[in-house]
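Everything below concerns the one structure shown next.
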Amino acid sequence: MGERGAQRSLEASLLAFFHRLREAGVPVSMVEVLDAFACLAHVDLADRSQFRAALFATLVKRPEDQQAFGVLFDVCFPLTPARAALGPSGGGAGADPFGDDLHPPGSEPGPPVGEGDGDVHSPLDPSGDLLAALLDALRHDDEAAMRALAGLAVDRFGGLEAQPEASERYYLYRILRQVELYRLLAMALGDSQGPDPAARHGREELARRIEDFRRLLATQLRHRMAASVGPEQLAELYRERRLEDVDFLGANASQLRELRQAVRPLARKLAARAAQKRRLRRRGRLDVRRTVRRSLSSGGVPVDPAFRVVRASKPDLYVLADVSGSVIEFAKFTLSLLHAMNQEFAKLRSFAFVDGIDEVTGLLEEGGHRMDLRGAFARAKLVADDGHSHYGNVFRRFAERYGGDIDARSTVIVMGDARNNYREPGLAAFQELAGRARRLYWLNPEPRDDWDTTDSIISAYGPACDRVFEVRTLRQLTTCVDEIT
């Protein structure tokens, strides 16, 4: 391929890379694209580390986007085309502008694992030779050898052929169990014991190299996965695993645990934003008299204008959460988030419902930071008739029992899928609540395309709401709560 053809190929690969970053939720603007091209003019494109660092510096602005960048970079710029074509256990040598030699200097590519002259074992036995070779590479800081050994470890212990649809985390866990990095670190530190600064520096340097080797394992693993399942499928699998884009209603058990762990950090972030917006809203209209009086100290120049102070009040928040089987996980997560932000509201009262409704504020507060949501729902009186969702009955009962508490300071949030089982919707009671409250919002965890299908009647309640939000993911919930507060 000529120089012009190679340049066109590089530009096409870069544009595809930018497009995939945007699809994965990484904000990449046209300005950053131009910065990336300008930066690449000052680095050696044949040096993979320089090429990657230039793109990373110009495209990644948020810590949460680093993993997406790493995965998609390896997908779009694999180590060597020959290696990808031969599959996860194939050989190959040489380097391209986006690749690295997979073998240490002076060594020749060996046969695939298990395909030698009658030898069914790896050239490096996992019980001794692999660990010894890796230990030697770490002590001499031989990056090329560590890269080759990382590829060998992935081929030997990854098990991609046995379970081709498993996750990257699962494969990495299998490899690390066999490689035993903690044992390796203990062996490497054998020569670096002692309290003196030189020994301490040696320990820190070895720990850094082992962490670099862990990253090399992950990189080699993504290359093997891209070769076995294809780049498109690998990128799609990663997008599905991004925590902020996980669908609440389709999350598995591990994803739900991660979402719950993200509640308190997200609450602190949103609370800080709400406090900042409240401070900005306190500045009212220009106070001309005070501004003129202040200007006397600066020769009549109004360098320090004065503004009238506006009292920015916190809202009274009333949350009505559908906790029927189809949407209970969404209700649990959102209630946890709002209660973690309770200092941003003058009053926060929570109600749960199925076909009956009951207040659960006290029950939720009993658990402190560890709210027992399932226990609270079990102790509350949420079932009035047959235990199937009945929004009309719920809104009528809420208006009768608590409607007098709703006033012009109140913000009401209804969380549910508006699936009423073909029952009477109770529009009169709902419209009465909307008329009493300052704001009324509806948070629907279903995809917008599923609204008003079968027994969904969200369009019946929509006109009375200030806004109806589609809240399927953590990203959408963050935007919603940020706007409401």
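Results, tabulated for the structure shown:
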item	result
Boolean, R289 is touching a Phe, Trp or Tyr at 6+ places or on another chain (Cβ under 6 Å), of a type outside the set (F, W, Y), modelled with pLDDT of 80 or more and open to solvent by 30 Å² or more (accessible area, probe 1.4 Å)	no
Pair list, Cβ < 9 Å and 6+ apart or interchain, from region 430-455 residues that are over 30 Å from G404 (Cβ atoms) to residues that are among the small types (G, A, S) and assigned to a strand (DSSP E or B)	E446/S456; D450/S456
Residues of region 340-351 classified as open to solvent by 30 Å² or more (accessible area, probe 1.4 Å) and in a helix (DSSP H, G or I), total	2
Criterion: on the phi < 0 side of the Ramachandran plot, open to solvent by 80 Å² or more (accessible area, probe 1.4 Å) and touching a residue at least 24 places away in the same chain (Cβ under 8 Å) - qualifying residue of V383, V412	V383
Enumeration of residues in region 461-485 that are in a loop (DSSP other than H, G, I, E, B), open to solvent by 30 Å² or more (accessible area, probe 1.4 Å) and more than 24 Å from R278 (Cα to Cα)	R472
Filtered residues of region 317-339 (kept if crowded, with 19+ Cβ neighbours inside 10 Å, among the aliphatic types (A, V, I, L, M) and either closer than 17 Å to L382 by Cα or modelled with pLDDT under 85 (or both))	V319, L320, A321, V323, V327, A331, L335
Positions within region 418-438 being touching a strand residue (DSSP E or B) at 6+ places or on another chain (Cβ under 8 Å), open to solvent by 70 Å² or more (accessible area, probe 1.4 Å) and part of a helix (DSSP H, G or I), in sequence order	R436
Close pairs (9 angstrom Cβ cut-off, 6 or more residues apart or separate chains): under 17 Å from H223 (Cβ atoms) and open to solvent by less than 30 Å² (accessible area, probe 1.4 Å) in region 154-179, at pLDDT 70 or above and in a loop (DSSP other than H, G, I, E, B) anywhere	V154/L160; A166/G159; A166/L160; Y171/G158; Y171/G159; Y171/L160; I175/G158; I175/G159
Scan of region 32-65 for residues that are more than 17 Å from A16 (Cβ to Cβ), part of a helix (DSSP H, G or I) and among the acidic types (D, E), ordered by number	D35, E64, D65
Checking H42 against (1) within 24 Å of E143 (Cβ to Cβ); (2) surrounded by 11 or more Cβ atoms within 10 Å (Cβ to Cβ), the condition it does not meet	(2)
Hits in region 150-171 (condition: farther than 23 Å from A68 by Cβ, touching a Phe, Trp or Tyr at 6+ places or on another chain (Cβ under 8 Å) and at pLDDT 70 or above)	G159
Qualifying positions in region 58-74 - closer than 27 Å to A262 by Cβ and open to solvent by 10 Å² or more (accessible area, probe 1.4 Å)	V60, K61, R62, P63, E64, Q66, Q67
Any hit, region 439-452, residues being in contact with a helix residue (DSSP H, G or I) (Cβ under 6 Å, 6 or more places away or on another chain), open to solvent by 20 Å² or more (accessible area, probe 1.4 Å) and charged (D, E, K, R)	yes
Residue list for region 352-370, filter: open to solvent by 10 Å² or more (accessible area, probe 1.4 Å) and among the charged types (D, E, K, R)	D358, E359, E365, E366, R370
Extreme residue, nearest to G70 (Cα to Cα), among residues of region 1-22 that are of a type in the set (S, T, N, Q) and either open to solvent by 60 Å² or more (accessible area, probe 1.4 Å) or more than 27 Å from the chain's Cα centre (by Cα) (or both)	S9
Selection count where residues are open to solvent by 60 Å² or more (accessible area, probe 1.4 Å), modelled with pLDDT of 90 or more and within 17 Å of C76 (Cβ to Cβ), scope region 23-39	1
Residues (modelled with pLDDT of 85 or more and under 22 Å from I484 (Cα atoms)) located in region 354-370	E359, V360, T361
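So that you can scan it fast, the table gives a plain yes or no per residue for (1) modelled with pLDDT under 75; (2) open to solvent by less than 20 Å² (accessible area, probe 1.4 Å); (3) under 15 Å from the mean Cα position of the chain (by Cα):
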{"residue": "G190", "(1), (2), (3)": "yes, no, no"}
{"residue": "P197", "(1), (2), (3)": "yes, no, no"}
{"residue": "H201", "(1), (2), (3)": "yes, no, no"}
{"residue": "T219", "(1), (2), (3)": "no, no, no"}
{"residue": "V229", "(1), (2), (3)": "yes, no, no"}
{"residue": "L237", "(1), (2), (3)": "yes, no, yes"}
{"residue": "L243", "(1), (2), (3)": "yes, no, yes"}
{"residue": "L259", "(1), (2), (3)": "no, yes, yes"}
{"residue": "V263", "(1), (2), (3)": "no, yes, yes"}
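The values are calculated or read from the model by the stated rules, or taken from the named source; none is laboratory data. Here the structure is a predicted model, which is why all the values come from computation and not from measurement. Quick reminder, even Gly has a Cβ in these numbers, built from the backbone with ideal geometry, and neighbours come from all protein chains shown. Each accessible area value is taken on the protein alone, full model and side chains, heavy atoms only, with ligands, DNA and RNA left out. Shrake-Rupley method; radii C 1.70, N 1.55, O 1.52, S 1.80 Å.
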